[in-house]
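The next block holds one structure in the form of C-alpha cells; read it before the comments.
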Amino acid sequence: MNIPDNEIKKRLIRLSNLERLHTIARARIVFLEKENKELKLRIKELEDRNTDLNGRIESMAFQLEQIKIKIFGKKPILERVARKREKKIRDIFSYRRPVPTQVTKIEQHPIESCVHCKQILKHKHIKVFFEEDIPLPIQKSVIRHEVEVGYCNSCKRQSSGMLIPSKKAILGERIKKYVCILSIANRLSHNQIQEHLKDVFDLSLSIGEIGNIQSEEANNLRPEYEHLKHSVVSGIATHYDETGWKVQKEEDGKYAWVATNAENFDTVFLLGKNRGKGNIEDIGKARLGITDDYAAYKNAFLEHQLCWAHPQRKLRDLVESDEILEEKREYCKTTYEQFSNLYQKIRKRIGQKISPNMKTRFKSLFEKVSRPHSLDPTQLERIKKSLRKNTKQYFTFLKYPTIPIDNNKAERALRHLVIKRKISFGSKTQRGAETTSILASVILSLKWNNPQNWFKSYLALRG
C-alpha cells in the first residue's frame, strides 16, 4: 500500500511532536515524582515536629499547673482515684485523757454528812480522779552568787570558790537549753522566742543573745552530732532526702539534707548546702540507701532502694491534671490504679517471706505498668522510662525483706524543717545554718526516739 508523501510528512511531524512532548512529559514526571517525594518527607517532618510541639506544650502546661498548685496551694477539685480510708467510729472513751503516771500532790476531800438533808453518811468509799495543771504565772529563779576570793602568798595567785564569769549577770544552763527547744522543737523564730520569754518569764533577751546561745549549745553538742552521724548509717538501711533552705549570706548553698536510720529515729540534718553528690559523704554514707530518683543518689550506695511513693504521686498528679486530654487521662488513671494496687500489695508483704512465684508476679506486674503505650502523654512517657531504667533499684527490697519501699520517713523528718523554714525564712549566715543542723539533729532525734521523756533527756545532756 502506497502512502502519499504529504501523509508521510504529516505522520513524521506528529511523531516528532510526540517524541518531543514525551521527553518533556517524562522530565516533568521525574520532577513531579521528586517533588512529591520531597513533600512527603516534609509532611512527615512537619507531623513529627507537630507531635513533638504538642508533647512539649502538654508537658509545659502540666508543669505550669504544678507550679500554680505549689504557689497558690490549691489542688484541682477532683475526686481522688484511690479509695479514701473510712473514718473510724469513735466512742466516748476515745476522747478521755490518759491517767497520769506521776502524782505531785494528794488532796483529800472527806465528807461526814449528806449535803442535802445533813444526815450521817454510811458505806462511804473513795473515788479518785486526777487534775493536771501548771503553775501560773511561772516565776523565773534568780540566784545571787556570793563567791569568796582569796590570795595565796605561797604561789602568788588568787583562788575563788567557783569560776567567776566576766559578766555581772549571766543566763543559767536550763534557760539556754529552753531557748534551743523553742527554736527547734517548737519552730519559733528569734523574735517569737524573745516575746515568749518576756511574756511568760519576764526575762529579756536580745536577738543577738539568742543567736549566741544557740551557737554555744551547738558547739557543746558536736560530739553528740558526730555520734548521730555514725548511728544513722550503722543500721541495715538509711533514708535520704533534701529540700530548700535559704541562707541569706549564701556560701555553700541553699538546700537542706536529711539522713535517718530505717530502724530507729536517729536523724542527721545538713543545712545550707548545695545539691551536689558530695553532701551524701558529709552527712554520712550508708551501705543501703532509700531515696527518690534524684540523680545525685545514683551510684552513691552499694545497694539502692528507690521510693515507690514518688512515681505513685506523679501518676496521681497526671490523673488530676486539667491539662491532659480526657482520653489520655483515662489511660493515666488505669496506669495509676495498676501501680497503686501493686504498691499496696508489696507494702502488705514487707517483713514477711516472699515466695519466688510472688517475686516473679510482682516484677511481671511492674513490667506491665511501665510498658510504653500510644496513649502515653509526655509526662507519663518519662515516668515509665524511669521505671524501666531503674527496675533493679525498685526491687532491692526483695533481698532485704524488712526495709521499707518508700522514703516517707525522710520526708516526714524534713516536714518539721520545712515548717520552721516558713516561719524563720531559713538562716542568715552559713554559721547559723550549721548551728541549726546540729541542734535539729540532736533535739529531734531525742524527741522522735523517746516522745515521753525527751525533754528531760535533753536537759540532762552535757556538752
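The values are calculated or read from the model by the stated rules, or taken from the named source; none is laboratory data. These figures come from a predicted structure and were not determined experimentally. Cβ coordinates were reconstructed from backbone atoms using ideal geometry, including for glycine residues, and neighbour counts include every protein chain displayed.
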Would you check which residues across segment 330-344 are among the charged types (D, E, K, R) and without any contact (Cβ under 8 Å) to a residue 12 or more places away in the chain and list them?
-> Glu330
Arg275, sole failed condition from (1) part of a loop (DSSP other than H, G, I, E, B); (2) in contact (Cβ under 8 Å) with a residue 24 or more places away in the chain; (3) over 16 Å from the mean Cα position of the chain (by Cα) = (3)
Picked from segment 155-201 (must be in contact (Cβ under 8 Å) with a residue 40 or more places away in the chain and of a type in the set (Ser, Thr, Tyr)), the residue nearest to Trp448 (Cα to Cα) is Ser183
When (1) over 30 Å from Val319 (Cα atoms); (2) at pLDDT below 80 are applied to Ile43, the one that fails is (2)
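Take the conditions at pLDDT below 75 and either small (Gly, Ala, Ser) or outside any helix (DSSP H, G or I) (or both) and apply them to Lys70. Does it pass?
no
Restricted to segment 278-296, and to residues that are part of a loop (DSSP other than H, G, I, E, B) and under 15 Å from the mean Cα position of the chain (by Cα), which residue is surrounded by the fewest Cβ atoms within 10 Å (Cβ to Cβ)?
Within segment 278-296, the match that is surrounded by the fewest Cβ atoms within 10 Å (Cβ to Cβ) is Tyr294.
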Mind telling me which of the residues Lys368, Lys392, Lys447 ends up being within 25 Å of His227 (Cα to Cα) and either modelled with pLDDT of 90 or more or not in a loop (DSSP other than H, G, I, E, B) (or both)?
-> Lys447
Lys384 versus (1) more than 30 Å from Asp52 (Cβ to Cβ); (2) surrounded by 13 or more Cβ atoms within 10 Å (Cβ to Cβ); (3) touching a Ser or Thr at 6+ places or on another chain (Cβ under 6 Å); (4) not acidic (Asp, Glu): which is the lone unmet condition?
-> (1)
Selection from segment 350-380 of residues that are surrounded by 14 or more Cβ atoms within 10 Å (Cβ to Cβ) and without any contact (Cβ under 8 Å) to a residue 24 or more places away in the chain = Met358, Arg361, Ser370
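Sort out which residues of segment 441-463 are in contact (Cβ under 8 Å) with a residue 24 or more places away in the chain and farther than 13 Å from Phe265 by Cα, and write them in order of number. Please lay out each step first, then the result.
Of segment 441-463, the ones in contact (Cβ under 8 Å) with a residue 24 or more places away in the chain are 441-445, 447-449, 455, 458-459, 461-463.
Matches in segment 441-463: Phe455, Tyr458, Leu459, Leu461, Arg462, Gly463.
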Taking segment 233-251 and the residues there that are more than 14 Å from Gly289 (Cβ to Cβ) and among the charged types (D, E, K, R), the one that is surrounded by the most Cβ atoms within 10 Å (Cβ to Cβ) would be Lys246
